[in-house]
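Everything on this sheet refers to the single structure shown next.
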Amino acid sequence: MMRVNEAETKRLLEAVKPAKLVAATKYIDEKEVEKLEECGVMIYGENKVQDFLKKYEDYHGKGVWHFIGTLQTNKVKYIIDKVQMIHSVANYRLIDEIEKQAAKHDLVMDILLQVNIAKEESKHGFNEEEMNEVMDYLKDKPHLNPRGLMMMAPNIEVEETRQYFKATKDLLTKLQESYPNYQLTELSMGMTHDFPIAVAEGSTMVRLGHALFDE
Ligand SMILES: *Cc1c(COP(=O)(O)O)cnc(C)c1O
């Protein structure tokens, strides 16, 4: 497990502005989550449902949890009333299940649609061309509130990632024009190695792990 680098975390909280900092908690335990809060980080993004449940239970601070990892349909029920946002909505079955579970709890879940902007075989997410269809599909899903897009840049030379951040921002702008009734304001993009470019290209939420921690 890693430890929070407090000076670096405080610096990054300011450096990523105007984007919000979502700390990727998969590398740390719940004690360190409390340290993140002391540094002013109030959004924690977890990847694995099992790990999330443990940390959620043990954490008693004021921060909120987002789910950022690959989410299996059969696990939605465990997190639905505990997370504030799901970043990684990547297929129709997941949409159906989140709608069903949110309805059961009489809540409306903020979601981001994950877009596979570089069309990588290895990545989850909808294709850009599919996005209007997905947005239309959400029209009769009253327990889902789409708030924007999430993406992961390909693992390539960092400056080469800029085109994909730009393309995601352009896609969001188009969706805002086509679907003005939604508050599509969020772009979850940028990780440790590429966040400065993501922020420059309009990211509103960077998901940082390694940048905040020491071995
Ligand atoms: C782990 C993880 C991050 C953070 O990765 P770093 O490279 O350590 O900053 C961001 N997003 C997702 C979905 C992750 O799983």
TODO: Provide the gained length on full extension for the span Asn181 to Tyr78, in nm with one decimal, where the gain is 0.36 nm per separating residue minus the Cα-Cα distance.
DONE: 34.1 nm
Task: Residue-averaged [θ]222 nm for the chain, counting only DSSP H segments that reach four residues, each worth -39500 (n - 2.57) - done: -10000 deg cm²/dmol
- [ ] Step through the table entries Lys17/Lys77; Lys55/Lys174; Lys26/Lys139; Lys82/Lys166; Lys77/Lys123; Lys35/Lys169, compare each Cα-Cα distance with 27 Å, and write down the pairs that go over it.
- [x] Lys17/Lys77; Lys55/Lys174; Lys26/Lys139; Lys82/Lys166; Lys35/Lys169
- [ ] Go ahead and run the numbers for FRET between Ser122 and Lys174, Cβ-Cβ distance against an R0 of 30 Å, rounding to 0.05.
- [x] 0.70
TODO: Grab the beta carbon distance between Lys139 and Gln163, set R0 = 22 Å, and tell me the FRET efficiency rounded to 0.05.
DONE: 0.10
TODO: Send over the Kirkwood Rh of region 18-168, from the inverse of the averaged 1/r over different Cα pairs, rounded to one decimal Å.
DONE: 16.3
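Rolling a 1.4 angstrom probe over the protein heavy atoms, how many square angstrom per residue are accessible across the chain?
In whole numbers, the chain has 49 Å² accessible per residue.
Please state, rounded to one decimal and in Å, the Kirkwood hydrodynamic radius that region 168-215 gives when every pair of distinct Cα atoms enters the mean of 1/r.
Radius from the Kirkwood sum: 11.8 Å.
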- [ ] Tell me the GluC sites (Glu not before Pro) within region 75-141 that lie in a loop according to DSSP and have at most 12 other beta-carbon atoms within 10 Å.
- [x] Glu121
Task: Ala103 versus Leu53: modelled label distance in nm, points set 7 Å from Cα along the beta carbon direction - done: 2.4
Open item on the list: Ignoring ligands, DNA and RNA, please state the percent of accessible area on region 70-215 from carbon and sulfur, probe 1.4 Å.
Closed with: 46
- [ ] For Ile156 and Ala200, calculate 0.36 nm times their separation in residues minus their Cα-Cα distance, and state this gained length in nm to one decimal.
- [x] 14.0 nm
Open item on the list: Just to confirm the filter: which trypsin sites (Lys or Arg not before Pro) across region 32-64 are DSSP coil and have at most 11 other Cβ within 10 angstrom of their Cβ?
Closed with: Lys62
TODO: Pick out which of Ile43, Ile28, Ile80 has the largest mean-square fluctuation in a Gaussian network model of the chain, springs linking Cα atoms closer than 10 Å.
DONE: Ile28
- [ ] In nm, give the distance between the simple-model label positions of Arg93 and Met2, each being 7 Å from the Cα along the Cα-to-Cβ direction.
- [x] 3.1
- [ ] Between Asn132 and Glu38, with labels modelled 7 Å along Cα→Cβ, what's the label distance in nm to one decimal, could you check?
- [x] 5.3
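The values are calculated or read from the model by the stated rules, or taken from the named source; none is laboratory data. Here the structure is a predicted model, which means the values were calculated and not measured. Reconstructed Cβ throughout: ideal geometry from the backbone, glycine too, with neighbour counts over all protein chains shown. Ligands, DNA and RNA are stripped out before the accessible areas are found, and what is left, the full protein with its side chains, is counted by its heavy atoms. Shrake-Rupley method; radii C 1.70, N 1.55, O 1.52, S 1.80 Å.
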